[in-house]
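Each remark here refers to the structure printed beneath this line.
A short reminder: the numbers here are calculations on the coordinates, not readings from a lab. Since the model is a prediction, treat every value here as computed from it, not as a measurement. Here the Cβ positions follow ideal geometry from the backbone for every residue, glycine too, while neighbour counts run over all protein chains shown.
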Amino acid sequence: MRCRKRISYQTICAMKEGNEDALQEIVKYYEPYINAVCRRDLYDQFGNCREAVDLQLKDEIIAEYVFAILYTYDHRRMPGEKPRKLQ
């Protein structure tokens, strides 16, 4: 995987606020990695093998990632700081 620019803090904050464009930018950033994880060997009726992306698994990974950012990631917490209690 080639070296790419990091996702900006502002993009993550915008996604936490529900910005659809920020969500698409984050998913696009991680899509090559997700596709690599979701790659499966499929065999046709003649026994020929081909690689394909498991779209159901890909959708599940993206949904879990979005859930993690929206509901468990605290963008106001500094690295090394203890997590805040939910109110």
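Can you run phi through the Karplus equation (6.51, -1.76, 1.60; θ = phi - 60°) for region 54-66 and list ³J(HN,Hα) in whole Hz, with x for Gly and Pro?
Running phi through 6.51 cos²θ - 1.76 cosθ + 1.60 with θ = phi - 60° gives 6, 5, 5, 5, 4, 5, 5, 5, 5, 4, 5, 5, 4 Hz.
Counting only other residues whose beta carbon sits under 12 Å from that of TYR43, what net charge do I get with K and R as +1, D and E as -1?
After counting each charged neighbour, the total is -1.
Round to the nearest 0.05 the FRET efficiency obtained for PHE67 and LEU42 when R0 = 35 Å and r is the Cβ-Cβ distance.
Numbers: r = 28 Å, r/R0 = 0.81.
Given R0 = 35 Å and the Cβ-Cβ separation, E is 0.80.
Run the numbers for GLU60 and ASP74: contour at 0.36 nm per residue of separation, minus the present Cα-Cα distance, in nm. It would help to have the intermediate numbers written out before the result.
Numbers: separation 14, 0.36 × 14 = 5.04 nm, distance 2.20 nm.
In short, 2.8 nm is gained.
Return the sequence-ordered ³J(HN,Hα) values of region 26-33 in whole Hz as given by the Karplus equation 6.51 cos²θ - 1.76 cosθ + 1.60 applied to θ = phi - 60°, using x for Gly and Pro.
In residue order, the calculated couplings are 5, 4, 4, 4, 8, 4, x, 5 Hz.
Starting from the Cα-Cα distance between ASN19 and GLU31, subtract it from 0.36 nm times their residue separation and give me the gain in nm to one decimal.
Working it through step by step, the gained length comes to 2.5 nm.
How many nm is it between the label spots at CYS49 and ILE12, if each spot is 7 Å from the Cα in line with the beta carbon?
About 3.9 nm separates the two model spin labels.
Within the chain, how many Lys pairs sit with Cα atoms under 27 Å apart, leaving out pairs fewer than 8 places apart on the same chain?
Counting lysine pairs in the chain gives 8.
Over all alpha-carbon pairs in the chain, figure out the percentage whose distance exceeds 17 Å.
The share of Cα pairs beyond 17 Å in the chain comes to 61 percent.
In debye, nearest 20, what is the charge dipole magnitude of region 9-72 about its Cα centre with +1 on Lys and Arg Cβ and -1 on Asp and Glu Cβ, if you could check?
140
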